[in-house]
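Notes follow the structure.
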Amino acid sequence: MIELFDTHCHIHTEDYQLDADEVLASAHAAGVGRMVVVGTDLATSQAAVQFAASREGVWSSIGLHPHDASLSSQVFAALQELGRATQATSAKLVAIGECGLDYFYAHSTKSEQAAALRAQIELAIELNVPMIFHVREAFTDFWPIFDDFQKNGAKVRGVVHSFTDSAEQLEHALSRDLYIGVNGIMTFTSRPEQLDMARRIPLESLLFETDRGTINKPEMVVEIASFLANLRNEKFEDLAQATTSNARKLFNV
Ligand SMILES: [Zn+2]
């Protein structure tokens, strides 16, 4: 039986258009038996914790996304509390994020985004969980922040999710032992340099995800895996096995 892992989805949110439990059942039937539901603000983080609590094969990540989040210190304090309280009572909180820098949309200022990112890295270090990073057109500012924490002796682990950036940024991420999350965007890109980058991601650093979309489903990981198997000239089974074991190792599940 092929086992796949959706490392990043949002089927737990209120605006999700499908019945999440039906979607979960069909994901299981398709071999996607494990997934992480990801918060982007306080409400969806609370919802992620609740959603994962009662469902087998579902874990949660909590965070403030640079788009949707109101990045105030009060909101962050509440997120911190949520993280501590959840970890004290369950093993289902497996990551902090998604968080990072997004200069494409720039819904909040660069300095607000940087402050929120730093605070969330600190929370991940405190709770000893990895991070789910969202970085768009902002790697130049992202790496110095990330590296600051490594200098202080902390080992920040995590994944750069929805990665579609250059081969150069791929090298930066790999040199920092980060995982690379690939989703459906890759299956409809026509940019040769993006496809070339996807061929270069080492098998031991690759993760699959479905991400957002009001009708996106974790079972679509199957399509992402077969697309990449084709592109990379690898066996579907090998890709499934490696990415699932990468995800289990990263999230410790
Ligand atoms: Zn997401």
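The values are calculated or read from the model by the stated rules, or taken from the named source; none is laboratory data. Keep in mind it's a predicted model, so treat the numbers as computed, not measured. Glycine also receives a Cβ, built like all others from the backbone with ideal geometry; neighbour counts cover every protein chain displayed.
Structure data summary
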quantity: Some residue of the range 18-34 being modelled with pLDDT of 95 or more, within 12 Å of the ligand (Cβ to nearest atom) and either over 23 Å from residue 222 (Cα atoms) or aliphatic (A, V, I, L, M) (or both); calculated: no
quantity: Residue match in the range 216-236 (condition: within 16 Å of the ligand (Cβ to nearest atom), in contact (Cβ under 8 Å) with a residue 24 or more places away in the chain and over 19 Å from residue 48 (Cβ atoms)); calculated: yes
quantity: Filter result for residue 142 (in contact (Cβ under 8 Å) with a residue 40 or more places away in the chain, more than 24 Å from residue 244 (Cβ to Cβ), more than 16 Å from the ligand (Cβ to nearest atom) and of a type outside the set (Asp, Glu)); calculated: yes
quantity: All positions within the range 173-188 that are hydroxyl-bearing (Ser, Thr, Tyr) and touching a Leu at 6+ places or on another chain (Cβ under 7 Å); calculated: 179
quantity: Residue 185, sole failed condition from (1) within 24 Å of residue 241 (Cβ to Cβ); (2) in a helix (DSSP H, G or I); (3) away from the ligand (no atom under 16 Å from the Cβ); calculated: (3)
quantity: Residue within the range 188-195 that is assigned to a loop (DSSP other than H, G, I, E, B), among the small types (Gly, Ala, Ser) and either surrounded by fewer than 16 Cβ atoms within 10 Å (Cβ to Cβ) or out of contact with any strand residue (DSSP E or B) (no Cβ under 9 Å at 6 or more places or on another chain) (or both) present; calculated: yes
quantity: Tally, over the range 110-137, of residues that are away from the ligand (no atom under 16 Å from the Cβ) and aliphatic (A, V, I, L, M); calculated: 9
quantity: Subset of the range 146-164 [within 16 Å of the ligand (Cβ to nearest atom) and either surrounded by fewer than 14 Cβ atoms within 10 Å (Cβ to Cβ) or not polar (S, T, N, Q) (or both)]; calculated: 158, 159, 160, 161, 163
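Yes/no per residue for (1) over 19 Å from residue 134 (Cβ atoms); (2) not polar (S, T, N, Q):
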{"residue": "29", "(1), (2)": "yes, yes"}
{"residue": "52", "(1), (2)": "yes, yes"}
{"residue": "56", "(1), (2)": "yes, yes"}
{"residue": "64", "(1), (2)": "no, yes"}
{"residue": "71", "(1), (2)": "no, yes"}
{"residue": "74", "(1), (2)": "yes, no"}
{"residue": "77", "(1), (2)": "yes, yes"}
{"residue": "87", "(1), (2)": "yes, no"}
{"residue": "90", "(1), (2)": "yes, no"}
